[in-house]
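Inspection log for the structure reproduced underneath, given as structure tokens.
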Amino acid sequence: MNLTLKTLSFALLATASVSLFAADPAPAPAADKQAGPNPAKQAIAVRKAAFTLIGNSFKPLGDAAQGKAEYNQADAQKRANRILVLSEFLDSSFPEASNLGEPDTKAKADAWTNKAEFDKKLKEFQEHAATLAKVTATEKTASDAFKEAFGAVAKDCKGCHESFKVK
């Protein structure tokens, strides 16, 4: 598991770095290069990468929960663990400075003006992701326990998108 977490962490950071540089192809003036990367843009790149990777793991779990795909315990556990690890990157990826608006981010200003509610929803998502990871470690089929745990995570995603994401 440690190797998986390290590999996943490296992949997330690499993706965020590539996203950051790809999003701003114009060379920075020499003074800006000395100051370092823009923390707001880095935070946005990290959260975009995390959400992309979460989505990539989420869809196959949803297909299994809905009976559209066969449930494979090893695959489900791998994907649930990824979602859990990636959810932990989100804690620090919404600093006030990253409230730049479109096209930089699809996060609504409400993520910062209603920070307590946003943080509550994020915490619930992380808790439900942990439950999903535990369930997939033991469930050998797309059982009711799996469907319930997946449903809680899906509800968290939908609720946050409705409240805090520009459509």
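Within the stretch 139-153, the set of residues being in contact with a helix residue (DSSP H, G or I) (Cβ under 9 Å, 6 or more places away or on another chain) and either part of a helix (DSSP H, G or I) or among the small types (Gly, Ala, Ser) (or both) comprises Ala142, Ser143, Ala145, Phe146, Lys147, Glu148, Ala149, Phe150, Gly151, Ala152, Val153. Of all the criteria given as (1) among the aliphatic types (A, V, I, L, M); (2) surrounded by fewer than 13 Cβ atoms within 10 Å (Cβ to Cβ); (3) under 17 Å from the mean Cα position of the chain (by Cα), the one not satisfied by Ala116 is (3). Looking at the stretch 128-137, is at least one residue closer than 15 Å to Gly55 by Cα, without any contact (Cβ under 8 Å) to a residue 24 or more places away in the chain and either buried (at least 19 other Cβ atoms within 10 Å of the Cβ) or of a type in the set (Lys, Arg) (or both)? No, the stretch 128-137 contains no residue that is closer than 15 Å to Gly55 by Cα, without any contact (Cβ under 8 Å) to a residue 24 or more places away in the chain and either buried (at least 19 other Cβ atoms within 10 Å of the Cβ) or of a type in the set (Lys, Arg) (or both).
What do you reckon, is Ile83 assigned to a helix (DSSP H, G or I), among the β-branched types (Val, Ile, Thr), under 18 Å from Thr138 (Cα atoms) and in contact (Cβ under 8 Å) with a residue 12 or more places away in the chain?
Numbers: assigned to a helix (DSSP H, G or I): yes; among the β-branched types (Val, Ile, Thr): yes; under 18 Å from Thr138 (Cα atoms): yes; in contact (Cβ under 8 Å) with a residue 12 or more places away in the chain: yes.
Criteria met by Ile83.
Give me the residue from the stretch 153-167 that is touching a residue at least 60 places away in the same chain (Cβ under 8 Å) and surrounded by 13 or more Cβ atoms within 10 Å (Cβ to Cβ) and, out of that set, nearest to the chain's Cα centre (by Cα).
Let us first name the residues in the stretch 153-167 that are touching a residue at least 60 places away in the same chain (Cβ under 8 Å), namely 153-154, 157, 166.
Pick out the ones that are also surrounded by 13 or more Cβ atoms within 10 Å (Cβ to Cβ) and you get 153-154, 157.
Details: Val153: 12, Ala154: 13, Cys157: 10 Å.
Selected residue: Cys157.
Read-outs: derived from the displayed coordinates by stated rules, not from any lab. All values derive from a computational prediction rather than experimental measurement. Glycine gets a Cβ as well: all are built from the backbone with ideal geometry, and neighbour counts include every protein chain shown.
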